[in-house]
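The structure appears below as structure tokens.
The values are calculated or read from the model by the stated rules, or taken from the named source; none is laboratory data. This one's a predicted model, so the numbers in the text were calculated from it and none came from an experiment. A quick note on method: Cβ atoms are made from the backbone with ideal geometry, for glycine too, and the neighbour counts reach across all protein chains shown. Protein only, heavy atoms only, side chains kept; ligands, DNA and RNA dropped before computing areas. Shrake-Rupley method; radii C 1.70, N 1.55, O 1.52, S 1.80 Å.
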Amino acid sequence: MLSLCATSSAHNSAKWKTRTNRNKLNLTAIARMIWQLTWLSPLLFCLCCHGYNWSELNLPVRHIPYYFNNNPYIKDLCKEDDDCPYKMTLKKKRCWGYEKKCPVENRMSVPECPGDSRGWANTKEDQIDQFWKGADFGYVQERRNEMKAFCVPKSQDDSSLECSKYARYCYAKNIYLDFRHATFTANENFQEDFLLDGEIGGHCELNKRLLKAEGEHKSPLQSWFAEVEHYSSLPFKPINNENCDIIIDKPVMFTKLDAGVNMFHHYCDFINYYTSQHVNNSFSTDIYVINWDTSQRNYFDLFKETFEAFTQHKMKYIRDFDDKRVCIKEAMFPLLPRMRWGMFYNMPLIPGCHGSSLFQAFSAHLVHRLHIPQEGPLLLAALKTVGEYEARLVVYSPKEMPFLEQVKISHNSDVFIGMHGAGLTHMLYQPDWASVIELFHCGDPNCYLDLARLRGLKYFTWEKMEKLVQEDEGHHPQLGAHQKFTNYEFDEVEFMKLVAKATDHVRSHPDFIQARKSKYNTIKDEL
């Protein structure tokens, strides 16, 4: 039996470098690790003496070899700790692809580009490379390669500021923020010149000219340039109570958020958080997320549970520090949701390719951390009296169903069906073997086709326009006539043909076949 879900969506409307000997753990080097380890655990000497809390990794088991590859000191701990539950992964050679030495055969997957690039690339190799760099872990590699030091420390307890091109991503150490003269307005979420010279900065050698040259993408949800533009070299070290009213020792991730009422746009926030974690090689949830919102409004979020995959703490606002001088040991300014050529809004995706391992890993990461169970694949012999499909009509609305319940249904849907709208973003939670049907794209043919290509799912949509009835031209209060704002009637026979194509894809998918075999062989063994 195949699980079909038809949805009516209410959401339509410079790090410190250390070296370790391959065979011997360098405890001095580990103790000096500044960013990565504070995101992961208490002081490392405690780990060596009392054992590492392996549950704090909180990663899908399949991702552990990749993590160990980039964190050899943790891998060495696993070798030495009899209680490490990941010993079976120690010999696996895996890498995401953005590392300096990562053979293609050791990656999670390689993009497939069977289709024509439509003039985007001259060769098949170039087509694959463009998809890899624009939509896969090659994007992480590109951002890492762009990193520049704009404020350089002279000692270990000095400050520092590093950013990628156009300040789309930044990392700061021992950063000083003075909110004593800041004005939080009623409605302006992203004020420019909010903090001026001397009100943001650190004790380091600043190259002001180099920083000023990164302002081309200055825009609220495209860059952090407006926030770091006035970064200043300070005469004091922002690490003690003399200059700080509040000291935050725990790592901080600042954020500027897209629309919390629209899953498509809000999940552009989350995919960029995950991508930024890879840029920074840190995945701990023991961090503070601080919303850089210069207004006095609270952020309205229909999908707030997703933050649990990134932090175990309640989100804070910068206005919580009004009239205070705040010193933060480590701060990340992550990639933003509406960057030019960003991830995944404003992403011109090269035609003919599909299957981003970054999006596959993102999906698995969320499913793991949000504790979403996979109950399928379902037996084909079940419900013979009803037919071979188990169909369920759901209304994905917070009034009808809690968000994590929605996600559970999506993750257990072999075929996901819906009209054009933000609810189709749920395809990010579908299993790897799934297919998605966008009944009609409403004049926007690439939006969810591209998202399906990124996720690596098979996409289907209505083909015979003569068997589609549009109620009227559509009515939008500001845009006027528009295909997205009207009703449609679909021919039943053609609809079932579309469903049959989608289910045929699922049945023949190697992952579906293997998962079903594993599940039901296990059941037979237990019986």
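Look at the stretch 414-439: where a residue is under 17 Å from ASN262 (Cβ atoms) and a partner is in a loop (DSSP other than H, G, I, E, B) and of a type in the set (D, E, K, R), sitting 6+ places away or on another chain with Cβ atoms under 9 Å, you get HIS420/ASP444. Candidates PRO334, PRO373: the one that is surrounded by fewer than 18 Cβ atoms within 10 Å (Cβ to Cβ), touching a helix residue (DSSP H, G or I) at 6+ places or on another chain (Cβ under 8 Å) and of a type outside the set (Lys, Arg) is PRO373. Of all residues in the stretch 319-341, those that are on the phi < 0 side of the Ramachandran plot have Cβ atoms under 6 Å from Cβ atoms of residues that are part of a strand (DSSP E or B) and of a type in the set (Val, Ile, Thr), 6 or more apart or on another chain, in LYS324/ILE246; VAL326/ILE246; CYS327/ILE247; ILE328/ILE175; ILE328/ILE248; ILE328/VAL252; ALA331/ILE175; ALA331/VAL252. Considering each residue of the stretch 269-282 in turn, at least one proves to be open to solvent by less than 10 Å² (accessible area, probe 1.4 Å), assigned to a loop (DSSP other than H, G, I, E, B) and not acidic (Asp, Glu).
All told, ALA149 meets the bar of being more than 30 Å from ARG319 (Cβ to Cβ) and part of a strand (DSSP E or B). Restricting attention to the stretch 241-257, the residues that are open to solvent by less than 10 Å² (accessible area, probe 1.4 Å) and within 19 Å of ARG319 (Cβ to Cβ) add up to 6. Among the criteria (1) in contact with a His (Cβ under 8 Å, 6 or more places away or on another chain); (2) buried (at least 16 other Cβ atoms within 10 Å of the Cβ); (3) among the acidic types (Asp, Glu), the one ASP450 does not fulfil is (1).
For (1) modelled with pLDDT under 95; (2) open to solvent by 20 Å² or more (accessible area, probe 1.4 Å); (3) of a type outside the set (Gly, Ala, Ser); (4) more than 28 Å from the chain's Cα centre (by Cα), each residue gets a yes or a no:
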{"position": "TYR176", "(1), (2), (3), (4)": "no, no, yes, no"}
{"position": "PHE179", "(1), (2), (3), (4)": "no, no, yes, yes"}
{"position": "GLU192", "(1), (2), (3), (4)": "no, yes, yes, no"}
{"position": "GLU214", "(1), (2), (3), (4)": "no, no, yes, no"}
{"position": "SER219", "(1), (2), (3), (4)": "no, yes, no, no"}
{"position": "GLU227", "(1), (2), (3), (4)": "no, no, yes, no"}
{"position": "ILE239", "(1), (2), (3), (4)": "yes, yes, yes, yes"}
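Considering (1) of a type outside the set (Ser, Thr, Tyr); (2) under 30 Å from PRO398 (Cα atoms); (3) surrounded by 15 or more Cβ atoms within 10 Å (Cβ to Cβ); (4) at pLDDT below 95, the lone condition that ASN187 does not fulfil carries the number (3). The single condition from (1) open to solvent by 20 Å² or more (accessible area, probe 1.4 Å); (2) closer than 30 Å to PRO238 by Cβ; (3) out of contact with any Ser or Thr (no Cβ under 6 Å at 6 or more places or on another chain); (4) at pLDDT 95 or above that PRO153 fails is (3).
One line per residue, one yes/no per condition, for (1) of a type outside the set (D, E, K, R); (2) open to solvent by 20 Å² or more (accessible area, probe 1.4 Å); (3) at pLDDT 95 or above:
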{"residue": "SER3", "(1), (2), (3)": "yes, no, no"}
{"residue": "TRP16", "(1), (2), (3)": "yes, yes, no"}
{"residue": "ARG22", "(1), (2), (3)": "no, yes, no"}
{"residue": "LEU47", "(1), (2), (3)": "yes, no, no"}
{"residue": "LEU57", "(1), (2), (3)": "yes, no, yes"}
{"residue": "PRO65", "(1), (2), (3)": "yes, no, yes"}
{"residue": "ASN71", "(1), (2), (3)": "yes, no, yes"}
{"residue": "ILE74", "(1), (2), (3)": "yes, no, yes"}
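Does the stretch 318-325 include one or more residues that are closer than 19 Å to TRP224 by Cα and under 20 Å from the mean Cα position of the chain (by Cα)? Among the residues of the stretch 318-325, not one is closer than 19 Å to TRP224 by Cα and under 20 Å from the mean Cα position of the chain (by Cα), which makes the answer no.
Within the stretch 397-429, the set of residues being surrounded by fewer than 19 Cβ atoms within 10 Å (Cβ to Cβ), part of a loop (DSSP other than H, G, I, E, B) and not polar (S, T, N, Q) comprises PRO398, LYS399, GLU400, MET401, PRO402. Please verify whether TYR98 is on the phi < 0 side of the Ramachandran plot, assigned to a loop (DSSP other than H, G, I, E, B), surrounded by 13 or more Cβ atoms within 10 Å (Cβ to Cβ) and touching an Asp or Glu at 6+ places or on another chain (Cβ under 7 Å), treating the condition exactly as stated. It is false that TYR98 is on the phi < 0 side of the Ramachandran plot, assigned to a loop (DSSP other than H, G, I, E, B), surrounded by 13 or more Cβ atoms within 10 Å (Cβ to Cβ) and touching an Asp or Glu at 6+ places or on another chain (Cβ under 7 Å). It is to be established whether one or more residues within the stretch 455-476 are among the acidic types (Asp, Glu), assigned to a strand (DSSP E or B) and either in contact with a strand residue (DSSP E or B) (Cβ under 8 Å, 6 or more places away or on another chain) or exposed (fewer than 13 other Cβ atoms within 10 Å of the Cβ) (or both). No, that holds for no residue.
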